[in-house]
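Down below is the structure, laid out as structure tokens.
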Amino acid sequence: MAIFIRLLGRYRVGVRLPVHEIEEDLKAAVASGQQDRILLKAPTGSGKSTAVPGMLMDAGFSGRILVIEPRRMAARLLAGWVAKLRGSSLGGEVGYAVRFDTKYGRDTRLIYMTDGVFQRWLQEDPELSGVGAVVFDEFHERRLAVDVALGRCLDLQETSRPDLRIMVMSATLETRGLADYLAPVKMLEAGGRTFPIEVAYRPERPKVNDRRGGPVVETPVWERIATVAKEALSLPDAGDVLCFLPGMHEIRKTVETLENSSFARDRDIFPLHGGLPPAAQEAAVSPGKRPKIIVSTNVAETSLTIEGVRTVIDAGLAREASFDPRRGIDTLLIRKISRASAEQRAGRAGRTGPGRAFRLWSESEHARREGFDAPEVRRVDLAEVVLLLKAAGISEVRDFRWLDAPLEESLVRAESLLHDLGALDAHGVLTDEGRSMAALPLEPRYARLMLAGAEQGCVAEMAFIAAAVQGEGIFVSKRGGIGRKDFVFDGDGSDFEAEWRAFDSAAGMDFDARRCAPLGIHGRGAREIAQGFDRLHRLALQRGWPWEGVDFAKRREAVGRAMLASFSDRLAVRFGDATLACRVVGKRKGKLDDESAAKKAAAFVAAEITEVEGREVTVQLRRATAIDPAWLKELFPEDFTFSDGASYDEPRRRVVAKKETRFRDLVLESKESDHGVNLDAAAEILAAKVLSGELVLKNWDAAVDQWCARLSCLGNWMPELELPGWSDEDRAAAVAQICHGALGYKDIKERQVWPVLREWLSAPQRAALDSYAPERITLANGQNPKITYEIGKDPWIALRWKDLFGVWATPAIANGRAPLLVHILAPNQRPWQMTKDLSSFWANGYLQMKKDLAGRYPKHPWPDDPKAWLAAGGGKR
């Protein structure tokens with residue numbers, strides 16, 4: 001994408017852009033009809049977004065050209081700019097289609113549209129009737145909707161639309177893998193107009209809060225930006241300055257800091273982000289009378305080329321919305337940008353002359369950063385894509401022609417959500433409800449919300465909620481003064497009641513930002529909600545749904561039921577009356593907003609579950625609606641369970657009866673009692689505590705452990721005896737048997753163990769154990785040492801060397817199948833040698849032992865030939 005400010009006159013008189021070097025090849029490829037797929041690699045600033053669509057129009061083939069853009073601001077501004085370049089009015093030959101705003105007519109040939117709008121366009125008209133070409137711009141951003149739309153267009157081209165031309169344009173993406181995916185494809189490459197850029201690194205120097213070495217104090221990013229901006233403006237030819245920050249909060253703080261500084265007084269300072277009104281966006285990118293500083297999100301990374309920018313200051317951060325499929329929550333975290341993104345940002349400074357880029361990190365850290373950003377398919381919620389693909393006839397989404405296959409856990413999570421919403425049955429097959437949801441131009445959850453509103457008779461309320469949740473927000477975040485808390489009334493059942501009051505107030509003030517602000521209302525955000533609300537109103541009328549106007553108080557129960565139908569996977573209950581910490585379906589935890597109207601509800605659903613990074617990461621539950629747990633039985637009878645079991649009371653070390661009411665894995669109600677405890681369950685719980693080591697059976701001693709080891713080892717050595725096993729499960733069963741009939745630790749700590757173990761074996765089995773795996777063994781010289789058994793290891797005995805005189809061969813047990821490991825002890829009772837080959841010891845090891853020890857222990861017998869010495873009566877008194 002490129003918007004060339006001040007280039008209009010030069011373009012009209014014939015100044016060529018870098019992409020014009022491939023114009024003839026492009027026109028020849030598409031005009032001949034021999035090449036239906038084209039891959040163009042050209043850097044930002046080359047003119048591909050403005051010039052290439054015009055080249056396609058001039059190539060002479062029929063049908064509309066759709067240019068797919070990742071951002072609303074870019075689609076809208078590009079359409080306006082190209083319309084001017086071609087001497088037409090916007091909405092005539094050239095138009096655009098973005099969320100809540102379209103400007104094109106029946107005769108429009110070139111339409112710039114966002115990927116989300118195109119996704120729905122493709123859903124409503126899978127054949128793309130009247131479309132001659134689809135151009136995917138800025139493909140390197142790897143948006144999920146673009147990946148899927150490209151795959152569907154390729155499928156369409158290979159089946160019923162061989163005349164459809166597909167073009168992919170990318171700036172920084174490694175094109176080899178993409179070319180393989182698109183094959184057969186015509187590859188084109190154009191250069192860019194880039195001047196030398198000097199890159200300087202300005203990493204943070206940590207500070208401490210006192211001279212004696214207190215904790216490290218981080219400097220806020222807006223202060224670091226201001227420090228570097230002061231340095232940059234002191235240099236010659238600084239030009240306009242473009243600063244990159246992660247989000248609107250950081251932008252606002254940076255603008256305030258710069259406006260209060262002395263070094264930037266001669267400059268205009270503009271914020272730039274996708275949430276600004278179009279006029280404010282135009283003001284930021286248009287030429288002005290004074291030099292300026294533009295403080296932007298990554299929207300200016302690839303979407304805009306602004307003449308006059310000679311200095312870039314890059315914080316190296318982006319606030320990225322992602323989805324955690326394991327926990328089922330949206331995350332909004334600040335991440336470090338990739339090296340490719342950093343190069344894109346730095347390149348903003350070199351479009352009209354030599355420039356500088358300051359990076360607020362070190363050169364060594366830059367080398368460690370990821371080369372490219374991960375594609376969205378690996379980090380966002382896939383529910384909408386899965387629903388649309390299934391509705392398009394792709395029953396197994398894993399077989400879709402993915403450029404990068406999604407993670408299996410993400411697909412499983414998406415299918416699980418769609419099942420909870422009623423869109424898929426237990427086998428993953430699309431239901432009638434799912435078809436109805438896919439037909440609505442909404443994400444699955446909000447499609448279900450509108451359908452539930454129609455079922456419960458609260459369509460208007462659900463339309464407002466859907467518009468509010470998908471909007472930017474209606475309240476201004478600030479401390480003190482009038483704000484959201486002032487719109488919450490006693491008796492409210494949903495936080496959206498307060499939002500409706502604020503919205504109604506804003507509408508009464510015609511959404512005037514200056515009049516709304518003193519009430520803590522975001523005027524522009526409210527206006528955006530109004531656009532979505534009106535759109536859903538029209539949708540309801542088209543569907544014939546009853547629309548009676550918004551009245552939350554009148555339809556409070558209907559609202560709660562509809563919200564539960566759509567947000568059952570976000571059902572939550574608080575841990576207790578004194579805390580806002582909550583348990584959420586899916587074994588998740590979070591914290592309810594302290595101003596929520598649902599603080600006293602027995603249960604509620606949260607329309608927003610977001611992980612936000614600040615001083616610490618917090619999972620926030622917002623926009624809650626109270627629900628009656630009794631509704632769960634009606635709406636989700638298969639997911640509602642009641643259990644009568646037992647649990648362990650830690651302080652008393654006692655098992656108690658426990659009755660639980662659950663929705664899926666969420667405990668809604670739990671009651672404990674000392675009466676009516678299931679003894680079998682109590683035995684299992686106490687046994688588990690014993691096995692974990694938390695509780696100790698005093699009579700389970702070393703002799704018991706030896707018995708267990710003997711039984712386990714003999715079973716392996718002589719399987720023909722068919723002895724009962726002694727696995728971990730067997731041990732647990734034996735301990736449970738010992739604990740049976742008890743309710744607490746005091747009942748089991750002195751219990752006898754041997755009665756249970758004796759009953760484990762029959763009399764013949766006990767005899768076999770004593771015979772083949774005895775506790776002691778009588779050796780050839782009459783010694784009777786104890787055998788030590790260890791599961792998985794050799795059994796062993798320990799004797800001094802002189803007590804082994806006469807034992808010339810290794811002793812064995814289990815009918816000779818288990819040779820004993822002999823620990824040969826020195827006079828100090830420490831092992832000198834361990835062997836399973838006594839013959840070798842007497843032949844070699846003994847002489848070395850004598851050599852090393854005889855001098856230190858002269859009173860002990862050290863015959864040169866132990867066998868002869870013993871035969872001659874040695875050792876006898």
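The values are calculated or read from the model by the stated rules, or taken from the named source; none is laboratory data. Predicted, not measured: the structure shown is a model, and the values here were computed from it. All Cβ positions, even for glycine, are placed from backbone atoms using ideal geometry, and neighbour counts span all protein chains on display.
A compact table of results
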read-out: Among (1) more than 20 Å from His249 (Cα to Cα); (2) in contact with a helix residue (DSSP H, G or I) (Cβ under 9 Å, 6 or more places away or on another chain); (3) acidic (Asp, Glu) - the single one Asp490 does not satisfy; value: (2)
read-out: Unique residue being over 22 Å from Lys793 (Cβ atoms), of a type in the set (Val, Ile, Thr) and free of Cβ contacts under 8 Å to residues at least 40 places away in the same chain when the list is Val756, Val696; value: Val756
read-out: Qualifying residue in the stretch 456-474 (condition: part of a loop (DSSP other than H, G, I, E, B), within 11 Å of Ala562 (Cβ to Cβ) and modelled with pLDDT of 95 or more); value: yes
read-out: Selection status of Gly116, at pLDDT 90 or above, surrounded by fewer than 23 Cβ atoms within 10 Å (Cβ to Cβ) and assigned to a strand (DSSP E or B); value: no
read-out: Among the candidates Phe636, Phe575, Phe567, residue that is surrounded by fewer than 16 Cβ atoms within 10 Å (Cβ to Cβ) and under 17 Å from Asp665 (Cα atoms); value: Phe575
read-out: Wholly enclosed strands (runs of 3 or more DSSP E) of the stretch 11-112 bearing at least 3 residues without any contact (Cβ under 8 Å) to a residue 24 or more places away in the chain; value: 94-98
read-out: Matching entry among Ser436, Ser410, Ser416, Ser364 (being closer than 30 Å to Thr305 by Cα, of a type in the set (Ser, Thr, Tyr) and in a helix (DSSP H, G or I)); value: Ser364
read-out: Residue ranges of strands (runs of 3 or more DSSP E) in the stretch 554-631 with at least 2 members under 19 Å from the mean Cα position of the chain (by Cα) and of a type in the set (D, E, K, R); value: 588-592, 603-613
read-out: Residue match in the stretch 413-420 (condition: touching a strand residue (DSSP E or B) at 6+ places or on another chain (Cβ under 8 Å), surrounded by fewer than 22 Cβ atoms within 10 Å (Cβ to Cβ) and either in the same structural domain as Glu127 (by TED's automatic domain parsing) or closer than 24 Å to Asp115 by Cα (or both)); value: yes
read-out: Selection from the stretch 819-844 of residues that are under 60 Å from the mean Cα position of the chain (by Cα) and without any contact (Cβ under 8 Å) to a residue 12 or more places away in the chain; value: Arg830
read-out: Restricting the stretch 128-167 to residues that are under 30 Å from the mean Cα position of the chain (by Cα) and within 26 Å of Ala28 (Cβ to Cβ), the residue that is surrounded by the fewest Cβ atoms within 10 Å (Cβ to Cβ); value: Leu154
read-out: Cross-chain or 6+ apart pairs with Cβ under 9 Å, the stretch 360-387 first and in the same structural domain as Glu343 (by TED's automatic domain parsing), then among the polar types (S, T, N, Q) and in a loop (DSSP other than H, G, I, E, B); value: Arg369/Ser338; Glu370/Ser338; Gly371/Ser338; Phe372/Thr172; Phe372/Ser338; Asp373/Ser338; Ala374/Ser338
read-out: Members of the stretch 771-780 that are in contact with a helix residue (DSSP H, G or I) (Cβ under 9 Å, 6 or more places away or on another chain) and in a helix (DSSP H, G or I); value: Tyr772
read-out: Selection status of Ala300, in a helix (DSSP H, G or I), at pLDDT below 90, aliphatic (A, V, I, L, M) and under 26 Å from Glu376 (Cβ atoms); value: yes
read-out: Filter result (of a type in the set (A, V, I, L, M), more than 13 Å from Leu668 (Cβ to Cβ) and either touching a Pro at 6+ places or on another chain (Cβ under 9 Å) or in contact (Cβ under 8 Å) with a residue 12 or more places away in the chain (or both)) within the stretch 578-604; value: Leu580, Leu592, Ala597, Ala598
read-out: Given (1) aliphatic (A, V, I, L, M); (2) touching a His at 6+ places or on another chain (Cβ under 9 Å); (3) surrounded by 23 or more Cβ atoms within 10 Å (Cβ to Cβ), number of the condition Ala447 does not satisfy; value: (2)
